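Chemist: Dropping a structure here in structure tokens format, bear with me for questions.
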Amino acid sequence: MKPLRCKAPIPSNEGDRIRELVKYKILQTGPEKVFDDITALAAQICDTPAALISFLAEERCFFKSRFNTDGEPAERDVAFCAYVVASNTTLIVKDTTCDSRFVENPGVQSGDVKFYAGAPLTTASGHVLGSLCVIDAKPNELCPKQKEGLEALAQHVIHCMDLRLKSLTLDEVNTEIKTFLLEAEADRQISSMKSQFLANMSHEIRTPIHGIVGCIELLRVSSLTEEQRQLLAYIQESAEGISRLTNDILDLAKIETEQLTLERVAFQPIKVLKSIRKRFQLSASRKNLKLNFTVPPNMTQKVVGDAVRFEEIIRNIVDNAVKFTDHGAVSITVENQASSNNELLLFIQIADTGSGIPLDKMEKIFKPFGQVDESHKRRHGGSGLSLSLTKFLVEKMGGSIGVKSRVGKGTNFWIVMGFEVQQKVVEKGTNYENLTALIVEDNAINQTVLHKQITNYFASIKCVDDGLQAVEACKQSKFSVIFMDCQMPIMDGYEATSEIRKFDQQTPIIAISANTIKTDIERCFEVGMNAYLSKPVKRIDIMECVNTCLRDMSVEIGMEA
């Protein structure tokens, strides 16, 4: 009578196990020396004539390495490997002919496998993918040391598989990178050619304009009639128009390649605004337009920002207002809406009595090359670049822009832009009573360096090594400012800031970190930090940052009376 066929149990996590096996990309692959060396060593350690590395797939086993055996893989139901996978323990069968589970195994039936010992190939996630086994054509057994050696080699198989997968993944990534780099290089060359063309074009245009403007300056100091001076002013206006258009084209190219950056220089907005009024007085008077200019009498502050871009923003809107107004007036009104002496918050309105903009055309005017309609372009000219660039620059500088208009009545553009009032940094060696600082830094050297950098500016300084200590320190004491590292053990600076902000929304927190990735910097502000400084950082930069963070508080470090 034929014995009943036994079926190997199926693990409860079989689906996940199969997916992980597939992930290793090892099924149906040829021999590899690293695995063949392991099977040879296993046979030597266990004193058996043959050894195998087998993986259990959905239907049958797959042999990755065979040492001194030509045996064929068995179906899953009668495979030794299936029982190793199911139990996740080393399986030792001293005499396979006496075990009903394997009577239909091809190796048992042929007489080649009368002894079997298999150790599980278990991944870090706990999935058993197969076994490393040794076999013999006669009954046998393993001593404890041999069993330990077999199990250690089984883990080495997994390590080799992990390295193999990383190598394969790296090869795939390298292939993708090479493809990407080739495409990127082609794009870069096109972009470079475009940038070079624009640079050359700018040079070719600016060279003659420079000559024209130089001649204008020379002619101005010579004896000229009033008519000649008027003609000279027209020439200057035309030259400046060409120069502005060139700048607009170059700015558009920079925006497309994300290369447009802002400067931080000290300037007086009132001087910029007055120069714009002076520039457009001629073109306004030529059209019999009244050019009104209203600014606060005490707005003489110097601020820190991009003076060139600020001038470009206002100039573009005033230029359009004068261009599209045939009668009446263009009015420039400026208000300072800041609630602090340390900030200049400008609310600027440029209103005209021109033709106005239809409601359905409002969005179009801020798009590149967008104008109200072709009739405006034919009548007044223009590239359609200025307002799209203006909106981009305003928003890049942290401001906002809007427009209200009535057809036949006129248009009112408004801009809100904030600037930091220029302040002097504290002098070296000055002490400020009642100011306390908390330094949160896990690196002892960096902690000491920062302490020495700021020691002359604070009455007391406390240092802690991680974010958790920082949270506890803030619960126990009130600090004037907190210097926070981002990457720390136990609790990092991001989490610590989030916790502190739950009970303290006022204390300035300044990130001092080696992270320079844009997303990391953005995360600092998202969790509630007030400022960011990138290591290495100078003392003057630290104190300027402290000044900025404390400018709206009663204590202002280094401010002149």
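Chemist: Show the residue pairs that are 6+ apart or on different chains and have beta-carbon atoms under 6 Å apart, the first residue being within region 22-38 and assigned by TED's automatic domain parsing to the domain that holds Arg60, the second being outside any helix (DSSP H, G or I) and polar (S, T, N, Q).
Modeler: These pairs meet every condition: Phe35/Ser65; Asp36/Ser65.
Chemist: Also: Residues that are at pLDDT 85 or above and surrounded by 13 or more Cβ atoms within 10 Å (Cβ to Cβ): does region 244-259 have at least one? I'd like the intermediate steps shown before the answer.
Modeler: The first filter runs over region 244-259 and keeps only residues at pLDDT 85 or above, leaving none.
Looking for residues that are at pLDDT 85 or above and surrounded by 13 or more Cβ atoms within 10 Å (Cβ to Cβ), one finds none in region 244-259, hence no.
Chemist: Another question about this same structure. Being assigned by TED's automatic domain parsing to the domain that holds Cys160 and at pLDDT 95 or above is the requirement here; does Phe80 meet it?
Modeler: Values: assigned by TED's automatic domain parsing to the domain that holds Cys160: yes; at pLDDT 95 or above: no.
No.
Chemist: Quick check on region 495-505. Is at least one of its residues of a type in the set (S, T, N, Q), surrounded by fewer than 18 Cβ atoms within 10 Å (Cβ to Cβ) and at pLDDT below 85?
Modeler: For region 495-505, residues of a type in the set (S, T, N, Q), surrounded by fewer than 18 Cβ atoms within 10 Å (Cβ to Cβ) and at pLDDT below 85: absent.
Chemist: Can we say Ile348 is assigned to a strand (DSSP E or B), assigned by TED's automatic domain parsing to the domain that holds Ile317, surrounded by 15 or more Cβ atoms within 10 Å (Cβ to Cβ) and at pLDDT 80 or above? Spell out how you get there, then give the answer.
Modeler: Numbers: assigned to a strand (DSSP E or B): yes; assigned by TED's automatic domain parsing to the domain that holds Ile317: yes; surrounded by 15 or more Cβ atoms within 10 Å (Cβ to Cβ): yes; at pLDDT 80 or above: yes.
So Ile348 passes the test.
Chemist: Give me the pairs, please: first residue somewhere in region 410-423 and more than 20 Å from Ser340 (Cβ to Cβ), second residue anywhere and assigned to a strand (DSSP E or B) and basic (Lys, Arg), beta-carbon distance under 7 Å, and either six or more positions apart or on two chains.
Modeler: Asn412/Lys404
Chemist: Further, regarding this structure: Spot the failing condition for Phe483; the list is (1) modelled with pLDDT of 90 or more; (2) farther than 30 Å from Leu345 by Cα; (3) crowded, with 17+ Cβ neighbours inside 10 Å, and only one is missed.
Modeler: (2)
Chemist: Suppose we keep only residues that are surrounded by fewer than 18 Cβ atoms within 10 Å (Cβ to Cβ) and among the aliphatic types (A, V, I, L, M) within region 313-340. Which one would you say is nearest to Val394 (Cα to Cα)?
Modeler: In this case the residue turns out to be Ala338.
Chemist: To continue, here is another question. When you check Ala50 against the structure, is it assigned by TED's automatic domain parsing to the domain that holds Ile158, out of contact with any Gly (no Cβ under 6 Å at 6 or more places or on another chain) and surrounded by fewer than 19 Cβ atoms within 10 Å (Cβ to Cβ), yes or no?
Modeler: Values: assigned by TED's automatic domain parsing to the domain that holds Ile158: yes; out of contact with any Gly (no Cβ under 6 Å at 6 or more places or on another chain): yes; surrounded by fewer than 19 Cβ atoms within 10 Å (Cβ to Cβ): no.
So Ala50 does not fit the description; no.
Chemist: Can you go through Phe310, Phe293 and tell me which one is within 30 Å of Val421 (Cα to Cα), modelled with pLDDT of 80 or more and either surrounded by 18 or more Cβ atoms within 10 Å (Cβ to Cβ) or within 33 Å of the chain's Cα centre (by Cα) (or both)? Outline the logic, then answer.
Modeler: On the way: Phe293 fails: either surrounded by 18 or more Cβ atoms within 10 Å (Cβ to Cβ) or within 33 Å of the chain's Cα centre (by Cα) (or both).
Result: Phe310 is the single residue among Phe310, Phe293 that is within 30 Å of Val421 (Cα to Cα), modelled with pLDDT of 80 or more and either surrounded by 18 or more Cβ atoms within 10 Å (Cβ to Cβ) or within 33 Å of the chain's Cα centre (by Cα) (or both).
Chemist: Name, by its number, the condition in (1) in contact with a Lys or Arg (Cβ under 7 Å, 6 or more places away or on another chain); (2) farther than 20 Å from Lys391 by Cα; (3) of a type in the set (Gly, Ala, Ser) that does not hold for Ala284.
Modeler: Tallying (1) in contact with a Lys or Arg (Cβ under 7 Å, 6 or more places away or on another chain); (2) farther than 20 Å from Lys391 by Cα; (3) of a type in the set (Gly, Ala, Ser), Ala284 fails exactly one: (1).
The values are calculated or read from the model by the stated rules, or taken from the named source; none is laboratory data. The structure presented is a predicted model; accordingly, all values stated were derived computationally and were not measured. Glycine gets a Cβ as well: all are built from the backbone with ideal geometry, and neighbour counts include every protein chain shown.
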